[in-house]
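Report on one structure; see the data block that follows.
The values are calculated or read from the model by the stated rules, or taken from the named source; none is laboratory data. Everything quoted here is computed from the prediction, not taken from an experiment. Every residue, glycine as well, gets a Cβ built from its backbone with ideal geometry; the counts of neighbours run over all protein chains shown.
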Amino acid sequence: MPKVGNFALDLPDAQVLIQVSGAFGSRQEEAQRLGRLLRPKASGETAYFYSLVTRESKEEDFAHHRQFF
């Protein structure tokens, strides 16, 4: 369901987003999810984005490369 997070969520008050297994999303898709979360909050609070990645896996390589985006 990563497409839901890219296009269909409105997260105006969310403070934390946890991405589980981001190996198959593109850098642009992750940026879309981040953009939805990191919009300015009415409360002025800070939002946090976490990506859970399996150590020593292809998923780790994908996550590392996405960080450069």
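List of remarks:
Matching residues to (1) touching a Phe, Trp or Tyr at 6+ places or on another chain (Cβ under 9 Å); (2) modelled with pLDDT under 80:
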residue: Pro2; (1), (2): yes, yes
residue: Phe7; (1), (2): no, yes
residue: Leu11; (1), (2): no, yes
residue: Gln15; (1), (2): yes, no
residue: Ile18; (1), (2): yes, no
residue: Ala23; (1), (2): yes, yes
residue: Ala42; (1), (2): no, no
residue: Leu52; (1), (2): no, no
residue: Arg55; (1), (2): no, no
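- Cβ-Cβ distances below 7 Å connect the following pairs, each with a first residue in segment 35-48 that is closer than 14 Å to Ile18 by Cα, a second residue that is at pLDDT below 80, and a separation of six or more residues or different chains: Arg36/Leu9; Arg36/Leu11; Leu37/Leu11.
- Selection within segment 31-50: residues that are assigned to a helix (DSSP H, G or I) and of a type in the set (D, E, K, R). The member of this set that is surrounded by the most Cβ atoms within 10 Å (Cβ to Cβ) is Arg33.
- Just one of the numbered conditions (1) in a loop (DSSP other than H, G, I, E, B); (2) farther than 21 Å from Ala14 by Cβ; (3) touching a residue at least 12 places away in the same chain (Cβ under 8 Å) is not true of Phe62: (1).
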